[in-house]
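The values are calculated or read from the model by the stated rules, or taken from the named source; none is laboratory data. Since the model is a prediction, treat every value here as computed from it, not as a measurement. All Cβ positions, glycine included, derive from the backbone under ideal geometry; neighbour counts span all protein chains shown. For the accessible areas, the whole protein counts, side chains as well, though only heavy atoms, and no ligand, DNA or RNA atoms are used. Shrake-Rupley method; radii C 1.70, N 1.55, O 1.52, S 1.80 Å.
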Amino acid sequence: MPETETPLLLPEIHEETSTKSKDAQAPAFLVIVWNDPVNTMVFVTHVFQKVFGWNKKKAEIHMLEVHQNGKSVVARESQERAEAYVHQLQAYSLHVTMEPDK
Amino acid sequence: MKRLHHTEDTVTFQINDGERELLHFVLNSYPMSTDVWPATEENPDKGPTGPDPALLKSALAETKQAHRRKVAEFLGSQPPLKPKQKQVELRVKHQDMEWLLQVANEVRVGAWYAMGCPEEEASELAARPDVDYDNLLRMEFALLLQCVLLDEQGAS
């Protein structure tokens with residue numbers, strides 16, 4: 001049996017520097033819905049269900065938080081996704097902002 | 001506004017001539033919001049609107065342009081009111097419910113903003129000597145339309 005020869009081409013070995021995805025490293029943004037005296041509670045609940053796909057109970061919890069505390073953080077997402085949520089909520093004329101999660 | 005019947009893709013309401021006139025008045029007011037919310041106790045500086053407010057503003061403007069075109073198509077597709085006719089059908093496709101809700105609420109919020117963001121109920125506003133009846137009408141009929149559409153979707 002011939003001896004095992006050293007192959008001419010060795011597999012390239014890359015040092016693993018990080019296991020985190022690009023998204024996980026990107027700064028997160030909070031999407032905040034603010035209370036206002038014009039949008040009805042039923043409407044806000046409906047919008048949360050439509051935009052976030054939440055069930056009625058979860059949507060009502062966030063709606064009540066907006067109503068009672070003046071605001072509710074409805075999402076913590078990458079900048080791109082947070083902007084998409086802000087756009088959708090603004091299309092329903094809710095008072096919504098986003099800010100970096102410190 | 002009374003629900004008559006529904007098929008797989010359309011809900012048909014019966015509206016009277018006055019409601020039809022108000023429907024056109026409200027939907028033709030779209031868009032009217034300024035997209036600026038008044039400062040509140042909780043959010044005195046109105047809050048940051050994100051790292052790229054211009055992008056969000058232009059995206060919203062595009063959505064509103066598309067909705068404006070849909071409003072014209074929607075009103076144009078409705079059965080006409082013939083002379084001396086007091087009742088007419090209003091046909092709403094299920095797929096149109098959501099943007100119609102957005103349009104109705106935008107007019108409601110815009111009318112409220114144009115009235116100076118009052119906190120009073122409609123009945124109190126109506127009693128004010130300086131009331132802006134056009135915007136009060138917009139607010140109230142938009143709310144009625146919103147309630148009908150939400151009810152149809154089983155939200156209330």
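Can you tell me which residue is surrounded by the most Cβ atoms within 10 Å (Cβ to Cβ) among those in the range B:56-111 that are among the acidic types (Asp, Glu) and within 24 Å of residue B:12 (Cβ to Cβ)? Give the derivation first.
Kept after step one, since they are among the acidic types (Asp, Glu), are these residues of the range B:56-111: B:62, B:73, B:89, B:96, B:98, B:106.
So of that shortlist, the ones also within 24 Å of residue B:12 (Cβ to Cβ) come out as B:73, B:89, B:96, B:98.
On the way: B:73: 9, B:89: 13, B:96: 19, B:98: 16.
Within the range B:56-111, the match that is surrounded by the most Cβ atoms within 10 Å (Cβ to Cβ) is B:96.
Only residues that are at the interface with another protein chain (Cβ under 9 Å from one of its Cβ atoms) and not in a helix (DSSP H, G or I): list them for the range B:118-156, please.
Correct list: B:118, B:119, B:153, B:155, B:156.
Only residues that are open to solvent by less than 40 Å² (accessible area, probe 1.4 Å) and under 26 Å from residue A:100 (Cβ atoms): list them for the range A:40-53, please.
A:44, A:47, A:48, A:51, A:52
Could you tell me whether residue B:35 is in contact with a helix residue (DSSP H, G or I) (Cβ under 7 Å, 6 or more places away or on another chain), at pLDDT below 90, under 29 Å from residue A:65 (Cβ atoms) and of a type in the set (D, E, K, R)? Can you show your working first?
Values: in contact with a helix residue (DSSP H, G or I) (Cβ under 7 Å, 6 or more places away or on another chain): yes; at pLDDT below 90: yes; under 29 Å from residue A:65 (Cβ atoms): yes; of a type in the set (D, E, K, R): yes.
Spelling it out, residue B:35 is indeed in contact with a helix residue (DSSP H, G or I) (Cβ under 7 Å, 6 or more places away or on another chain), at pLDDT below 90, under 29 Å from residue A:65 (Cβ atoms) and of a type in the set (D, E, K, R).
Does residue B:152 qualify as being open to solvent by 70 Å² or more (accessible area, probe 1.4 Å) and of a type outside the set (Ser, Thr, Tyr)?
Details: open to solvent by 70 Å² or more (accessible area, probe 1.4 Å): no; of a type outside the set (Ser, Thr, Tyr): yes.
No: the conditions fail for residue B:152.
Would you confirm, using the coordinates I've provided, whether residue B:103 is more than 24 Å from residue A:35 (Cβ to Cβ) and in contact (Cβ under 8 Å) with a residue 60 or more places away in the chain?
Numbers: more than 24 Å from residue A:35 (Cβ to Cβ): no; in contact (Cβ under 8 Å) with a residue 60 or more places away in the chain: yes.
No: the conditions fail for residue B:103.
Please verify whether the range B:61-68 includes one or more residues that are within 16 Å of residue A:92 (Cβ to Cβ), within 12 Å of chain A (Cβ to nearest Cβ), part of a helix (DSSP H, G or I) and more than 17 Å from the chain's Cα centre (by Cα).
Yes - at least one qualifying residue is present in the range B:61-68.
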